[in-house]
Amino acid sequence: MNDFEGKNLPETRAVIDIGSTSIRMVIAEIKIDGIRQIETLSKDTNLGRDTFKKGMISIETAESCVSVLRGFKRVLAEYGIDSPERIKAVATSAVREARNSETFVDRIYMAVGIKVDVIDGADVNRLTFFGLQKSFSEEPFLSNNKVLVVEVGGGSLELIGMDSGRVSFSQTYRLGAFRLRERVENISAGPEETLEMYEAEILKTVRQIHEYVGRASNQKLLALGGDARFAASMLNKNWDGESISSVNLSRLNKLVESVINQSEESLVQKYNMSFADAETLAPALKILACLAGELHIRSILVGTSTLRDGLLYELANGGAWTRSFMEQVEYSVRRVGEKYGYTREHADFVKDISLRLFKEMKFEHKLSRHYEGILVVASLLHDIGKYISNRSHHKHSQYLIENSDIFGLSDRDTSIAALVARYHRRSLPKASHDKYVSLDKDTRLTVKKLGSILRVADALDYSRQFKAEDICIERTDSELLFKISTNRDIAAEKVVVKEKSEWFERVYGHKVKFVAC
């Protein structure tokens with residue numbers, strides 16, 4: 001997978017990951033033949049402690065982060081990286097869940113000039129997937145099996161289900177190492193009792209995961225993150241730190257017992273780790289061990305890819321919505337469609353016509369490939385509401401999309417896709433539609449641009465008697481003509497197209513006609 005076309009390479013870029021316990025930066029050279037990491041920096045923070053204990057980031061912690069990032073900027077200047085366009089910074093759950101998240105991000109921008117994107121679980125999973133591309137391309141046993149990818153963060157547990165190299169699902173759970181530690185920190189208990197409390201809390205979530213994931217005989221568990229890499233380095237003394245390693249579950253449980261019986265100060269001195277990492281080591285490893293035990297997996301694979309690798313991959317490929325990524329999104333979407341009994345032939349017809357219309361009107365809508373992807377989601381799932389009821393099924397489709405786990409879609413993306421699907425029939429957007437009205441003006445316009453396209457595409461398949469490839473589109477200054485070579489009666493389609501294309505005409509200024517030739 002490579003989308004480097006048209007870029008001025010090589011190019012030196014930097015990515016910054018603001019996490020629960022540390023701020024990390026990677027400087028790398030992006031070349032036509034790949035990515036070469038030049039330097040890596042890491043500094044501890046108290047973001048997780050502030051957010052998961054107090055609900056907001058303190059002034060002291062914010063200023064500490066400012067100081068760290070100022071130091072990073074000085075290093076960037078040495079590499080000649082002084083343009084904001086060459087720096088990509090993201091923040092995860094510790095910033096996202098803080099009540100003063102926006103204030104914190106604004107402070108960073110004012111003080112350092114670095115724009116920080118606060119990303120959600122879907123974004124994290126997307127970047128994790130990008131970071132895994134090298135491992136999956138080099139290791140056939142990963143790309144040929146069912147693999148559950150797991151990363152225990154400070155505030156959340158991220159999961160990606162892979163089936164023969166394709167994403168089948170992605171989920172985020174509010175079970176992170178720092179969050180777990182905070183739940184039991186104020187309870188006076190010895191090491192053994194602490195582990196029991198950890199396990200009681202963890203099992204509530206991992207049993208939900210087991211129910212969702214099920215059990216497959218060839219299921220692999222691939223753990224990412226610094227805690228998993230620590231376990232691999234302790235239990236496999238010959239590990240090179242770069243290839244895929246494995247950890248035996250029984251030995252991992254013994255390591256957890258060893259860690260919990262040591263103080264943070266002792267762990268820092270013994271293993272030369274940061275205090276923040278020492279604080280979260282035991283709960284993180286216990287989460288991993290409990291998940292493997294619940295899924296009856298005795299050997300845990302350990303990978304080395306990171307969120308920063310995903311960020312660099314995304315930068316190198318010119319953004320998230322590459323063709324290969326869209327294929328993964330579509331695979332996940334079709335899994336949702338199958339779950340709710342979608343009619344594949346109709347969904348494919350509507351998707352095909354929608355995409356052709358999207359391309360035909362590109363100079364009018366001026367939307368990126370990102371929104372082409374969202375249109376694919378809405379096109380394939382616009383009718384799944386029939387699973388609940390044929391009556392008002394467009395509203396049910398909106399609800400089901402909003403509450404489905406679709407790989408690669410942020411909360412905003414999901415909301416747009418759900419609304420576009422809703423407006424494929426019946427009422428157009430109204431002031432009484434709360435979720436539509438809550439969007440900003442630009443996003444409401446995007447819903448209109450995509451929704452009016454979907455509405456026309458759906459109308460063209462009213463009688464389910466034609467194939468999308470048999471329809472050609474011709475455009476004039478004021479009309480779009482959909483032509484089909486057929487002897488069949490198209491009177492019904494003509495009526496429906498005329499009725500449902502009015503919105504398209506209002507948005508794009510073109511009448512739509514369906515004619516036989």
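Taking only pairs that are 8 or more places apart or on different chains, how many Lys pairs in segment 11-119 have Cα atoms under 22 angstrom apart?
Lysine pairs, 8 or more places apart or on different chains, close enough: 9.
What dipole magnitude, in Debye to the nearest 20, does the chain give about its Cα centre under +1 on Lys/Arg Cβ and -1 on Asp/Glu Cβ?
Charge dipole, the chain, about its Cα centre: 1460 debye, nearest 20.
Any idea what Rg and Dmax come out to for segment 323-468 if you just take the C-alpha atoms, in Å?
Rg, Dmax (Cα atoms, Å): 13.8, 39.
Could you tell me the center-to-center distance, by alpha carbons, between segment 80-126 and segment 445-470 in angstrom?
Cα centroid to Cα centroid, the span is 38 Å.
Does a label point 7 Å from the Cα of Glu505, set along Cα-to-beta-carbon, have any residues of segment 426-456 with amide nitrogen under 14 Å, and which are they?
Residues 456 qualify, since their backbone N sits under 14 Å from the label point.
What's the extension gain from Lys395 to Asp106 if we count 0.36 nm per residue and subtract their Cα-Cα distance?
Length gained, Lys395 through Asp106: 100.3 nm.
Enumerate the amide H contacts of Ala91 below 5 Å, restricted to partners 5 or more residues apart or on another chain; note that Pro and chain-start residues carry no placed amide H.
So Ala91 has HN proximity to Ile18, Asp117, Val118, Ile119.
Of all the C-alpha pairs in segment 11-119, what % are more than 20 Å from each other?
36 percent
Using label points projected 7 Å from each Cα along Cα→Cβ, tell me how many nm separate Ser188 and Asn272, to one decimal.
Taking the two extended label points, one gets 3.9 nm.
For segment 239-363, give the magnitude of the charge dipole about the Cα centre (Cβ charges: +1 Lys/Arg, -1 Asp/Glu; no others), in debye to the nearest 20.
Roughly 400 debye for segment 239-363.
To the nearest 20 debye, what charge dipole does segment 121-279 have about its Cα centre, counting +1 at the Cβ of each Lys and Arg and -1 at the Cβ of each Asp and Glu?
Roughly 560 debye, rounded to the nearest 20.
Could you list the residues of segment 297-320 with an amide nitrogen less than 11 Å from a label point located 7 Å from the Cα of Asn236 in the Cα-to-C-beta direction?
Answer for segment 297-320: 300-304.
What spacing in nm lies between the two simple spin-label points modelled at Ser324 and Tyr212, each 7 Å away from Cα in the Cβ direction?
2.6 nm
Projected onto the charge dipole of segment 323-468 (+1 at Lys/Arg Cβ, -1 at Asp/Glu Cβ, origin at the Cα centre), which of Tyr342, Leu367, Gln465 gives the Cα projection farthest towards the positive end?
So the residue we want is Gln465.
Ile388 to Lys435: FRET efficiency via 1/(1 + (r/R0)^6), r the Cβ-Cβ distance, R0 25 Å, to the nearest 0.05?
Computed FRET efficiency for Ile388 and Lys435 comes out at 0.90.
Toward the positive end of the charge dipole of the chain, about the Cα centre and with charges on Cβ (Lys, Arg +1; Asp, Glu -1), which of Phe230, Ala284, Cys517 goes farthest?
Farthest towards the positive end: Cys517.
Put a dot 7 Å past each Cα toward the Cβ at Gln219 and Arg298; how far apart are the dots in nm?
Result: 1.7 nm between the two label points.
Excluding residues fewer than 8 places away in the same chain, name every one of the lysines whose C-alpha is closer than 19 Å to that of Lys448.
Lys351, Lys359, Lys362, Lys366, Lys395, Lys430, Lys435, Lys498, Lys500, Lys511
Along the positive direction of the dipole of the chain (beta-carbon charges: Lys, Arg +1; Asp, Glu -1; about the Cα centre), which of Ile87, Thr414, Leu252 reaches farthest?
So the residue we want is Thr414.
Tell me, in nm to one decimal, what length is gained between Glu257 and Arg334 on full extension, where the rule is 0.36 nm per residue of separation less the Cα-Cα distance?
Stretched fully, the Glu257-Arg334 segment lengthens by 23.4 nm.
Suppose only helical runs count, i.e. DSSP H with n ≥ 4. What mean residue ellipticity at 222 nm does that imply for the chain under -39500 (n - 2.57) per run, divided by all residues and rounded to the nearest 500 deg cm²/dmol?
One gets -16000 deg cm²/dmol as the mean residue ellipticity at 222 nm.
At 0.36 nm per residue, and after removing the present C-alpha to C-alpha distance, how many nm does the segment from Glu63 to Met197 gain when stretched out fully?
Extra length from Glu63 to Met197 when fully extended: 44.8 nm.
Work out the FRET efficiency for Ala77 and Asp442 from their Cβ-Cβ distance, taking R0 = 45 Å, and round it to the nearest 0.05.
0.85
Every read-out reported here was derived from the displayed coordinates using simple, explicitly stated rules and does not represent laboratory data. Computed from a prediction, not measured in an experiment: that's the story for all the values here. No Cβ is skipped: glycine too gets one built from the backbone with ideal geometry, and neighbour counts run over all protein chains shown.
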